[in-house]
Amino acid sequence: MSAGSSTIRIGSDALRVANVFCVGRNYLAHAQEMGSTIGPEPMVFLKPSSALVMEGEPLVLPDWSREVHHEAELVVAIGRGGRNIAVAEALGHVAGYALGLDLTARDVQAVAKKTGNPWTLAKGFAGSAPLSAFVPVGAVADPQRLEFTLHRNGELKQHARTQDMAFGVATLIAWISARFGLQEGDLIFTGTPEGVGPIVSGDALVLDAPGLLHAEFRVA
Ligand code: MG
């Protein structure tokens with residue numbers, strides 16, 4: 001992985017990535033396909049910044065997993081940190097938006113769920129967080145009125161409507177800021193819709209939010 005991969009560009013600004021927060025089970029149909037449901041509060045986990053992969057870099061699958069899944073997600077970059085950010089103020093803390101993949105070693109995650117161990121390895125391995133380029137916050141009038149898709153080898157696999165999120169972007173920012181604090185350069189992967197599935201060597205993956213964001217990745 002290149003040394004500069006933990007710095008992102010948003011417009012003319014460069015932002016050093018700090019923490020990478022991820023939200024599990026934020027779309028009901030995905031929670032159901034995993035045999036789960038959505039609780040009253042967000043379910044948040046972390047990836048190390050070494051998980052990030054920028055568009056143009058190959059996706060390298062770990063050799064200790066037999067089943068790595070794609071999870072297409074809207075990603076929020078925080079431009080201004082804070083604690084106890086109010087929901088009404090939350091979107092004012094956003095610097096930009098991207099699309100990303102929360103790559104998941106599903107077999108390893110299944111064992112972790114069974115044994116009660118953390119998801120860190122299943123979710124946070126090197127290369128587990130591919131990212132598109134970012135658009136500045138002003139390019140998105142309302143983050144709950146976006147649609148994006150993931151195609152695998154030309155076949156539509158996931159189609160998200162962000163209005164279907166159980167916890168919207170502003171709510172997530174407020175919640176995370178109250179529990180962890182947020183700082184400039186933090187990223188939030190906001191959860192995946194239904195349609196997750198395996199990727200294998202040679203796959204072509206395309207993330208697209210029409211007219212806004214587009215990224216293509218090749219699995220090594
Ligand atoms: Mg996810």
Looking at (1) under 24 Å from PHE45 (Cβ atoms); (2) in a loop (DSSP other than H, G, I, E, B); (3) under 15 Å from the mean Cα position of the chain (by Cα), can you tell me which one ALA133 breaks? (1)
Report, ordered by the first and then the second residue, all pairs with beta carbons closer than 6 Å, sequence separation of six or more or different chains, a first member in segment 72-92 that is outside any strand (DSSP E or B), and a second member that is modelled with pLDDT of 95 or more and of a type in the set (D, E, K, R). GLY81/GLU184
Breaking point among (1) hydrophobic (A, V, I, L, M, F, W, C); (2) within 15 Å of GLU71 (Cα to Cα); (3) crowded, with 20+ Cβ neighbours inside 10 Å, for ILE173: (2)
Condition (residue is under 13 Å from the mean Cα position of the chain (by Cα), crowded, with 20+ Cβ neighbours inside 10 Å and either part of a loop (DSSP other than H, G, I, E, B) or in contact (Cβ under 8 Å) with a residue 60 or more places away in the chain (or both)) applied to segment 108-123: is it met by at least one residue? yes
From SER128, SER49, SER65, residue being within 14 Å of the chain's Cα centre (by Cα) and modelled with pLDDT of 95 or more: SER128
For ALA95, only one of the following conditions fails: (1) part of a loop (DSSP other than H, G, I, E, B); (2) under 23 Å from THR149 (Cα atoms); (3) more than 16 Å from the ligand (Cβ to nearest atom). What is its number? (1)
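The values are calculated or read from the model by the stated rules, or taken from the named source; none is laboratory data. Just so we're clear, the structure is a prediction, and the values are computed from it rather than from any experiment. Cβ atoms come from the backbone with ideal geometry, glycine included; neighbour counts cover every protein chain shown.
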